[in-house]
Amino acid sequence: MSWLQAMVLAVVQGLTEFLPISSSGHLSIVSKLFFGEDAGASFTAVTQIGTELAVVIYFIGDIVRLVAVWFRGLFNAEVRATQDYKLAWYVIVGSLPIGILGFFFQDYIRSSLRSLWITGLTLVLFGVLMGLAERFGKQLREQAQLRLSDGVLMGFAQALALIPGVSRSGGTITAGLSLGLTRATAVRFSFLLAIPAVFAAGLSEVSHVFEPSPYGLQPSGAQMIVATVVAGVIGYAVIAWLLRFVEKHSVYLFVWYRIALGAALFALLGFGVMQP
């Protein structure tokens, strides 16, 4: 991997990680279109550590409060009755599906699931599903009204993002809207839900990212560190923008973008401009 490739892919990661348009899909498309090779699942997972650090910094107040309440609740029945204690458990339970499925299907994630035909299909399909959730979701429930079932179902929706093109945030936002959550609540919970899973995935892939592999470009240690930092800085700005955006706007912008990108990808593959 050259420094140009590392920086371009880091910028793409930072811009797309939190938008419901699939960062892994974009990294795969950009790396194959402009550099002729896939960025690789390991590079994607490790640079996500940078973007998740951005989430931690942005939501540090919420995270410290939830962690403190969770520990206190283990020994105090009154604390266990609070919404914050329950929310902490929802995040823990909702993080399990992607961790379990990612562990058992890691070989498929690094190889066959990274076909651009699959990426194009999931971009369009899950774009349509997100549009339907926006159109028909009641969007009445706020964060204080989150339930355990929300955490479980959004956790399974997050697990679908193991397939490039689905989008972790796109899957969880779609599920949240379908369950009647407001856009702002679905997005905020999506960010919190991602922290344990993405950190675990990134740390587990650190050892793989420098191994010779037929499934992706191979970065140096310095490139990996700088790319992770760049992705995190850009990701922080995207978080702030997205939270403001969803308070006043629908997600149709992302729906139409996903469908257009998927259609363009099918055309590039069909005409032989890109190889899957």
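The values are calculated or read from the model by the stated rules, or taken from the named source; none is laboratory data. Everything quoted here is computed from the prediction, not taken from an experiment. Here the Cβ is made from the backbone with ideal geometry for all residues, glycine too, and neighbour counts use every protein chain on show. In case anyone asks, the SASA skips ligands and DNA or RNA and just uses the protein heavy atoms, side chains included. Shrake-Rupley method; radii C 1.70, N 1.55, O 1.52, S 1.80 Å.
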Among (i) 124; (ii) 209; (iii) 114, which one is volume of the Cα convex hull per residue in Å³ computed from these coordinates? (iii)
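So for the chain, averaging the separation of alpha carbon pairs under 8 Å that are six or more residues apart and normalising by length, what relative contact order in percent results?
On the way: 462 pairs, mean separation 98.3, N = 276.
Once divided by the residue count of the chain, the mean separation gives 36 percent.
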Grab the Cα-Cα distance for Ala264 and Glu142, subtract it from 0.36 nm times how many residues apart they are, and report the gain in nm with one decimal. 40.3 nm
If one takes the longest principal axis of the Cα atoms in the chain, at what angle in degrees, from 0 to 90 and to the nearest 10, does the Cα axis of helix 23-35 lie? 10 degrees
What's the ranking of 233-243, 261-271 by average number of surrounding C-beta atoms within 10 Å, highest first? 233-243, 261-271
Given Tyr257, Leu101, Thr182, which one lies farthest toward the positive end of the charge dipole of the chain, if we put +1 on the Cβ of every Lys and Arg and -1 on the Cβ of every Asp and Glu? Thr182
Sorted on mean Cβ neighbours within 10 Å (highest first), peptides 57-65, 118-126 come out as 118-126, 57-65
Run the numbers for Ser220 and Val67: contour at 0.36 nm per residue of separation, minus the present Cα-Cα distance, in nm. 51.6 nm
Rounded if a/c under 1.5, otherwise prolate or oblate - segment 45-127, Cα gyration tensor axes: prolate
Placing each pseudo-label 7 Å from Cα in the direction of the beta carbon, Gln275 and Ile92 end up separated by a distance in nanometres of 4.8 nm
If each of His249 and Val128 carries a label point 7 Å out from its Cα toward its Cβ, how far apart are those two points in nm? 2.5 nm
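Residues of segment 3-271: accessible area per residue at 1.4 Å, in Å²? Provide the component values of the computation, followed by the final result.
On the way: 11820 Å² over 269 residues.
It amounts to 44 Å² per residue over segment 3-271.
With each run of n ≥ 4 DSSP H residues scored as -39500 (n - 2.57), what mean residue ellipticity at 222 nm is computed for the chain after dividing by its residue count and rounding to the nearest 500 deg cm²/dmol? Intermediate results must be reported in sequence, preceding the final value.
Working: 13 runs with 208 residues, N = 276.
Calculated mean residue ellipticity at 222 nm is -25000 deg cm²/dmol.
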Please list, or write none, the lysines whose alpha carbon is within less than 23 Å of the alpha carbon of Lys248, excluding same-chain residues fewer than 8 places away. Lys138
Between segment 1-71 and segment 231-276, the alpha-carbon center distance in angstrom: 14 Å
